[in-house]
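Read through the structure below, which is laid out as structure tokens, and then see the notes.
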Amino acid sequence: MDPLSEYIRGITRDNPIFGLVLGLCPTLAVTTSVENAIGMSAGTAFVLVCSNVFVSALRKQIPSAVRLPIFIIIIATFVSIVKMIMQAYFPPMYAALGVFIPLIVVNCIIIGRAEAYANKNNVFYSFIDGLGISTGFLLVLMLIGGIREILGTGQIVTFDYTLISLPINPSVTTMILPPGAFLTIGILMAIVNYQRAKKRAKGG
Amino acid sequence: MVEKALFAILMDGIFIKNFLLIQFLGLCSFVGVTKDVKSAAGMSGAVVFVMTMAATVSYLIYTYVLVPTKMEFLDLISFIVVIAALVQLVEFVVRKNIPSLYRSLGIFLPLITTNCAVLGVVLLNVSSEYNFIQSVVFGIAAGLGYTIVMLMMSGIRERSTFVNIPSSVRGLPQAFLIATMLSMAFVNYFWVIPI
């Protein structure tokens, strides 16, 4: 295994949203804007990398019968840290993400990676895997957030910088309301499936 | 804070802040177990029970153990432990009494522990500073809202199994497109009614 291909795998084949189909709740709930998407992915990335490293370092000591409760306690500890840091230093972001910061603790991506990867591999590769999966998560969240924000408000504003501003505001308000999230991810998933089927047909 | 009427909390939990369609909590089971009505109903029953119990027990723990000892920062960890214990209890009961349901739910029964809807109820109760009765009512309401949407969704999906659609839309994308319609209906009908 070389580290770079392990990192890329987290973005492409094992992409948390389109490959593994895990962690849908935060994906849909916080992607009303690119800014929220970045904040959420940053929190998730910290927890994922830390828990992967910890679980992997302790994998010989953890008895396999009680491993799930132990994983959850490890994850909950890091989530509490993220929650307190966000509350103290980024109060507007914390208010916008609301209940979804503490809910990182039940994000299936994190416990899924602890069980499927960190529990079987060494610390270095678990670290790389955590980084790769987090990057995949960030890219998908930014994509969905970008689509919804630009269709809903006509511009993308991230941390007070206007990145893109459309000449005409389409103002499809539905896109930043809950139905827009379901619609966006449904269409994106259909496109991903189509591309995969085409690739398979070409490969024989 | 103004005391919120129980009826308002009930309506809030079932329709206006519906957990699946408006707040996006508990989506894994929403797309995972809604392939047929029977397992959706079984799953909803288990979730209603766990949600109500979790709302009750965690309120007691938060108010009478964590607040007096000034250990509110341990809330997340203690809630998770409470929920995990409750799910274990439900699992024992279902496996012993309804083995067929146990088999059809499969992995999703232990996964109620990591169902964000259950932890979401508990956390929302704490953040909106509900008292004991309000917490329990909100737990029941959220469970009922979950049940209604699960039944609607599984009914639609069961009937649309043989619909002629492109193969790349079949499965998850189709489920999300159905959810779009349902969510649109919920947003438009229930957000205009002031309570």
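Give just the number: which of (1) in contact with a Pro (Cβ under 7 Å, 6 or more places away or on another chain); (2) more than 30 Å from A:T174 (Cβ to Cβ) does A:N107 not satisfy? Going through the list (1) in contact with a Pro (Cβ under 7 Å, 6 or more places away or on another chain); (2) more than 30 Å from A:T174 (Cβ to Cβ), A:N107 breaks only (2). Filtering region B:153-172 to residues that are part of a helix (DSSP H, G or I) and more than 14 Å from chain A (Cβ to nearest Cβ) leaves B:S154, B:G155, B:E158, B:R159. Of all the numbered requirements in (1) more than 14 Å from every other protein chain (Cβ to nearest Cβ); (2) among the small types (G, A, S); (3) assigned to a helix (DSSP H, G or I), A:A181 misses one, and that requirement is (1).
Meeting the requirement of 1 or more residues that are more than 13 Å from chain A (Cβ to nearest Cβ) and over 15 Å from the mean Cα position of the chain (by Cα), the helices (runs of 4 or more DSSP H) wholly within region B:1-85 are B:6-11, B:37-61.
Select the helices (runs of 4 or more DSSP H) contained entirely in region A:55-159, then report the ones holding at least 3 residues which are of a type outside the set (V, I, T) and either modelled with pLDDT of 85 or more or in contact with a Phe, Trp or Tyr (Cβ under 9 Å, 6 or more places away or on another chain) (or both). Filter on region A:55-159 gives A:67-89, A:91-97, A:123-153. A:V66 satisfies every condition listed in (1) within 13 Å of chain B (Cβ to nearest Cβ); (2) crowded, with 18+ Cβ neighbours inside 10 Å except (2).
Out of curiosity, is A:C50 within 13 Å of chain B (Cβ to nearest Cβ) and either within 25 Å of B:G32 (Cβ to Cβ) or part of a helix (DSSP H, G or I) (or both)? Answer is no for this residue. If I ask for residues that are more than 22 Å from A:N107 (Cα to Cα) and of a type outside the set (A, V, I, L, M), which ones from region B:119-146 would you list? The answer is B:S128, B:E129, B:Y130, B:N131, B:F132, B:Q134, B:S135, B:F138.
Per-residue answers, yes or no, for (1) surrounded by fewer than 16 Cβ atoms within 10 Å (Cβ to Cβ); (2) in contact with a Ser or Thr (Cβ under 9 Å, 6 or more places away or on another chain):
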site: A:P102; (1), (2): no, yes
site: A:E115; (1), (2): yes, no
site: A:V140; (1), (2): no, yes
site: A:Y161; (1), (2): yes, no
site: A:P179; (1), (2): no, yes
site: A:R196; (1), (2): yes, yes
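Here B:A175, B:A141, B:A185 are screened, and the one residue that is of a type in the set (A, V, I, L, M, F, W, C) and either under 30 Å from B:T63 (Cβ atoms) or away from chain A (no Cβ under 11 Å) (or both) is B:A141.
The values are calculated or read from the model by the stated rules, or taken from the named source; none is laboratory data. In this text the structure is predicted, and so the values were computed from the model without any measurement. When we count neighbours, we look across all protein chains shown, and the Cβ atoms used for this are built from the backbone with ideal geometry, even at glycine.
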